[in-house]
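Everything below concerns the one structure shown next.
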Amino acid sequence: MLKPDLRKRWSDFTKCVCQGARLMVGVPDYETYVEHMRRNHPDRSVMAYPDFFRERQAARYGGEGRSGFRCC
Amino acid sequence: MAGAVRSHLIWVLVGILGAFALALIAIERGEHVNALWIVVAAVATYLIAYRYYSLFIARRVMQLDPERETPAVRHNDGLDYVPTNRYVLFGHHFAAIAGAGPLVGPVLAAQMGYLPGVMWILAGVVLAGAVQDFMVLFVSMRRDGRSLGELIRAELGPVPGVIALFGTFMIMVIILAVLALIVVKALAESPWGTFTVAATVPIAVFMGLYMRYIRPGAIGEVSVIGFVLLMLAIVFGQTIAESPTWGPAFTFTGTQLCWILIGYGFIASILPVWLLLAPRDYLSTFLKIGAIAALALGIVVAAPDLRMPALTRFVDGTGPVWSGSLFPFLFITIACGAVSGFHALISSGTTPKLIDNEANARLIGYGGMLMESFVAIMALVAASIIEPGIYFTMNSPGAQIGTTAESAAAKVTEWGFPVTPQQIEETARDVGEHSIISRTGGAPTLAVGMAQIFSNLIGGKAMMAFWYHFAILFEALFILTAVDAGTRAGRFMLQDLLGLFMPRFRDTASWGSSIAATALCVGAWGYFLYQGVTDPLGGVNTLWPLFGISNQMLAAVALVLGTVVIFRMKRERYAWVTILPAAWLIVCTLTAGLQKIFHPDPAIGFLAHANRFSNALAQGQVLAPAKDPAQMSQVIWNDRIDAALSALFVLVVVSIVYYGIRACLEAYRADRWTAREAPATRDLLDEEAAGAVSAMR
């Protein structure tokens, strides 16, 4: 049985790993995005997760030049 | 005081341990040295460099300010600009910079023995590579996350901006050609490898459809499904290879694969990204990180002995893998892992838009590059634990060692690396291939090394063929991802560049200009790929130095930019931090570039090679690989193109250095700060500053 603070640390750690893995493929944290929109732009509509995902996917390989290109 | 001494004491111990390990691998006397000593020497070097040198750069040179707003804070939009946890961002940055480069260069460099490679990787990364990544990240972070091209335009002027953009496009072409060549060399005459790599296309398309329509955005889930399918493809590949009907259907010559790749590159880069590119990118990214972690674990647990001597007789420049003496060509051959100009594009790409605090640029910029350097060290270890006789059998062109196990064994043994035909055949059988002779390009050698390490841990000899094809798949997968992402990026670059002269080309939504730019881009790398595949010396001999020169050239350009910024910040007394590595890279690229053009030895100089062929043609002779006078003319034409390309790279370096010195002098003479940074906080964003920011755009 893990102590509560250890369990908290473990869940923080796994969250960090998952966020890291998703950012590696160009998808930032959705919760952070929702939180940001709610706090700073309550008047604007918030994208649902599938739309958010598609938007990020298009942005990663889009017209920005080198986006998505990996090193040699 | 006592506390300060104690806090340095641990670092002194790390330093002593590192120095001891370095001494041990440098003065080996006939006995085999354990690979762990290289790992110890490398890790100690990284720790000391990170603790002291990167801190010095952060505090003294850049004066990083934790209170200052980063672009992520200033422009936070939850999408492109997001303040991100530094470890999460470290992972993102590392995944973006680590590719095939640090895996292949060190394998090729092992022909001179492991020592020159280790020394250059360690010295290069500490003093040049990590400094470059850190510096560009810093410069971009202070300028709203602008790209390298925009930064050069803003700090050096519009002409060097266009020169750098053009140089970057040419580098992209050479990188794509050399990466594709590595895949061709690894898959030629290998039905097992070809089948597994071909299977990634339908697997990725399935994943793409799944993520688009069935479970939108379920990255983790779909990646696990894709991974399982990939492993099944490797296992099933053996059955395919042994089947009398399917085996031959998946057996292709290098030239056939070359055309397949060119067609594939064209189609893949105009398909919608969600269908093929994105899902395969997920697979290749996770497989890459996993395989690198497994390799590190494998080396530490298996602790193999190094078979390659510290120095071989080929330090004199007569080696079969690539031609040219240690200086400058070793420093060109190992680019990524020591210093890689391409990172300047990543460090001025998404990473600076995600940093939450300026102080973290040190971990991500400097630390990220140290990590990539460690990948290069592991690749060098993997190549050096193979029997040297097998290493040279795999990496020497057929023109030198013939095509049978007997001829190869005789020639390689004559060079002083004893190997028997039985050993060569047995190695091929172990890894499930028909032949391992002249499998140049680095990837198959690395795969054999990785298979040895992995099979030591799991599965023993019976699993070696599986691990070999796993390693080939892992490399081919992310190389192919780079090929279609790179073709796409190259197309946008070309549209940008041509748009300067023909504004119509700029329209990325237009089908006509997109198809035309894609065709031009694929045609450009396809030309060099075809030339490499048909080259009797294996192609790597020609293309890898061109790639190295172009990559180091871009690094020199990035370091010149860093120097200019340091001068503009009135910190010129610390400018040696970027001037020293820039000067070294300029000396290396100019020497190598000029030698590739003018060297009298046809194995090194393009013009000497062209002359040999044109003299022979004038006397009516036909030299291999040409079979008729028309092919002779083609070889001569290729040589002249390569020479012109080298000359172009030399010109890019010289002109950027000229503009860099000019900008430094101008900043030095100015009596005030002239760096064009974004203001420190939003509150300071008055009209004048806002004007300066928008002028940078």
Legend entry - Residues satisfying the stated conditions in the range B:357-399, i.e. within 14 Å of chain A (Cβ to nearest Cβ) and in contact with a Lys or Arg (Cβ under 7 Å, 6 or more places away or on another chain): B:Leu363, B:Ile364
Legend entry - Hits in the range B:165-182 - residues which are more than 13 Å from chain A (Cβ to nearest Cβ) and open to solvent by 10 Å² or more (accessible area, probe 1.4 Å): B:Phe166, B:Met170
Inset, instruction - Kindly state which helices (runs of 4 or more DSSP H) lie completely within the range B:127-208 and contain at least 2 residues that are more than 30 Å from B:Thr70 (Cα to Cα) and among the hydrophobic types (A, V, I, L, M, F, W, C). - result: B:158-187
Legend entry - Looking only at the range B:589-621, and only at residues there that are open to solvent by 70 Å² or more (accessible area, probe 1.4 Å) and outside any helix (DSSP H, G or I), the one that is modelled with the lowest pLDDT: B:Gln621
Legend entry - Among the residues listed as B:Ala556, B:Ala471, B:Ala476, B:Ala517, the single one being open to solvent by less than 20 Å² (accessible area, probe 1.4 Å), closer than 30 Å to B:Ala667 by Cβ and part of a helix (DSSP H, G or I): B:Ala556
Legend entry - Residue in the range A:20-46 that is farthest from A:Gln57 (Cα to Cα), counting only those that are within 8 Å of chain B (Cβ to nearest Cβ) and open to solvent by 70 Å² or more (accessible area, probe 1.4 Å): A:Asn40
Legend entry - So B:Gly499, is it within 14 Å of chain A (Cβ to nearest Cβ), buried (at least 18 other Cβ atoms within 10 Å of the Cβ) and on the phi < 0 side of the Ramachandran plot: no
Inset, instruction - Could you please find all residues in the range B:413-448 being of a type in the set (A, V, I, L, M), part of a helix (DSSP H, G or I) and either at pLDDT below 95 or within 24 Å of B:Gly101 (Cβ to Cβ) (or both)? - result: B:Ala443, B:Leu446, B:Ala447, B:Val448
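Of the residues B:Ile260, B:Ile292, which single one is within 20 Å of B:Trp525 (Cβ to Cβ) and β-branched (Val, Ile, Thr)? Spell out how you get there, then give the answer.
On the way: B:Ile292 fails: within 20 Å of B:Trp525 (Cβ to Cβ).
Exactly one of B:Ile260, B:Ile292 is within 20 Å of B:Trp525 (Cβ to Cβ) and β-branched (Val, Ile, Thr), namely B:Ile260.
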Inset, instruction - Considering every residue within the range B:60-75, establish whether at least one is of a type in the set (S, T, N, Q), assigned to a helix (DSSP H, G or I) and more than 7 Å from every other protein chain (Cβ to nearest Cβ). - result: no
Inset, instruction - State whether one or more residues within the range B:391-399 are touching a Pro at 6+ places or on another chain (Cβ under 9 Å), surrounded by fewer than 23 Cβ atoms within 10 Å (Cβ to Cβ) and either of a type in the set (Phe, Trp, Tyr) or assigned to a loop (DSSP other than H, G, I, E, B) (or both). - result: yes
Inset, instruction - Quick one: B:Gly124 ticks every box in (1) buried (at least 21 other Cβ atoms within 10 Å of the Cβ); (2) more than 14 Å from chain A (Cβ to nearest Cβ); (3) touching a Lys or Arg at 6+ places or on another chain (Cβ under 9 Å); (4) under 30 Å from B:Ala582 (Cβ atoms) except a single one, so which number is it? - result: (3)
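The values are calculated or read from the model by the stated rules, or taken from the named source; none is laboratory data. Bear in mind the structure is a predicted one, so any value in this text is a computation, not a measurement. Every residue, glycine among them, receives a Cβ derived from its backbone with ideal geometry; neighbour counts consider all protein chains shown. Please note that ligands, DNA and RNA were not included when accessible areas were found on the heavy atoms of the full protein model with its side chains. Shrake-Rupley method; radii C 1.70, N 1.55, O 1.52, S 1.80 Å.
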